[in-house]
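This report refers to the structure that appears directly beneath it.
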Amino acid sequence: MAAEKESSGTSGGGSIWGVLTMTFVLVLGLSASYFLSRPMPEQARAVWNAQADADAERLASTFVLLLDHANSPLQSLATLFNGSGRVAADEFENTIAYLKGHKSDAFPESMGFLSKSQPSSCGNDDGCWMVAYSTDTGGVLRPGSDVSRFGPIITTIDTALGNENSLVIGSVFEGETGSPYSYYAVTIRNTRQFGVVVSLIDYENLVARMYEEWVPDGMRLRLEASFANGSEMTQPRYIIGGSEPEEESSRSISVPAEIDGAKFNLVLDVTEGYAGGPQSLAGTFALYAGIFATLFLVLLIRGLFRLMD
């Protein structure tokens, strides 16, 4: 009888230790699973944000490269004028035909050479800016056109004359359809000719190309810009998109860029659809994996204590 009581006491003590051990493992396992998985969604979002920041920087660099590529025909034309005693109309046309054949993906909508003269229609004592040669047939830069009354191009010319031998981007203006444009310009001064060569920048076309090839899904691009106006800069204004982000945006990234006297600010609005969103499933998986592992360990301990009993 004494032996039976001793055996029964050992079994009861083993059961108590089993319950305490299983409770300890359960509490420890569940707590560890929770605290280890808790920062994972934040870490996933931080990684996602860093990827978006890197893409925004890349897009700003791409925008500057596209603008620089867009002015390459203008640079080639300026080289022709500055390297000659005088460029005739046929030389201009032959150069344009060559540039169109070799730079067709970057050729501007219109280009022209402007010089100052005083035809009978000019009422200015110091002359009017007239289009001498041009690729335009019916727009502002059509050959023979007096552009002296067109504010955006005159402002661009004045800026180019104040920064001789440097490419400049003129202030933005709206075309007939409301699309934003600027003029690229550079001063020409050779032994027999003085003037300015200009080309048209189509911002909507440039941004559309970025969307086609580089802007990832889930990102929307807005473009703010400020331009040289004499010795000052114009007030920044949005030329693509508005000042407010789209409603579904979770954050906005601003990246400044500067080229040829113009200052741009590329604003990328990031939605939850960008790059599939933050990869927060890892945290959920870690939490449930920890819970199941803890329960398995508790069942294993229970089985061991039963064998010991």
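The values are calculated or read from the model by the stated rules, or taken from the named source; none is laboratory data. Please read all numbers here as calculations on a predicted model, not as lab measurements. Using ideal geometry, Cβ is built from the backbone for each residue, glycine included, and neighbour counts are taken over all protein chains shown. Accessible surface is based on the protein model in full, side chains and every heavy atom, while ligands, DNA and RNA are left aside. Shrake-Rupley method; radii C 1.70, N 1.55, O 1.52, S 1.80 Å.
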For this session: Could you grab me the full set of residues in the stretch 70-90 that are without any contact (Cβ under 8 Å) to a residue 60 or more places away in the chain, open to solvent by less than 70 Å² (accessible area, probe 1.4 Å) and either in a loop (DSSP other than H, G, I, E, B) or of a type outside the set (Gly, Ala, Ser) (or both)?
Result: Leu80, Ala88
Exercise. Is it the case that some residue within the stretch 109-128 is on the phi < 0 side of the Ramachandran plot, open to solvent by 40 Å² or more (accessible area, probe 1.4 Å) and either modelled with pLDDT of 95 or more or aromatic (Phe, Trp, Tyr) (or both)?
Worked result: no
Exercise. From Asp158, Asp217, which residue is open to solvent by 10 Å² or more (accessible area, probe 1.4 Å), part of a loop (DSSP other than H, G, I, E, B), of a type in the set (Asp, Glu) and out of contact with any Leu (no Cβ under 7 Å at 6 or more places or on another chain)?
Worked result: Asp217
For this session: Could you grab me the full set of residues in the stretch 220-249 that are of a type in the set (D, E, K, R) and outside any loop (DSSP other than H, G, I, E, B)?
Result: Arg220, Arg222, Glu224, Glu232, Arg237
For this session: Hey, could you check the stretch 189-204 for residues that are open to solvent by 20 Å² or more (accessible area, probe 1.4 Å) and touching a helix residue (DSSP H, G or I) at 6+ places or on another chain (Cβ under 9 Å) and say which is farthest from Ile239 (Cα to Cα)?
Result: Asn190
Problem set entry | Unique residue being open to solvent by 50 Å² or more (accessible area, probe 1.4 Å), among the hydroxyl-bearing types (Ser, Thr, Tyr) and under 22 Å from Ala275 (Cβ atoms) when the list is Ser231, Ser249, Ser254 | Ser254
Problem set entry | Meets criteria (under 24 Å from Tyr181 (Cβ atoms) and either part of a helix (DSSP H, G or I) or polar (S, T, N, Q) (or both)) for Pro143 | no
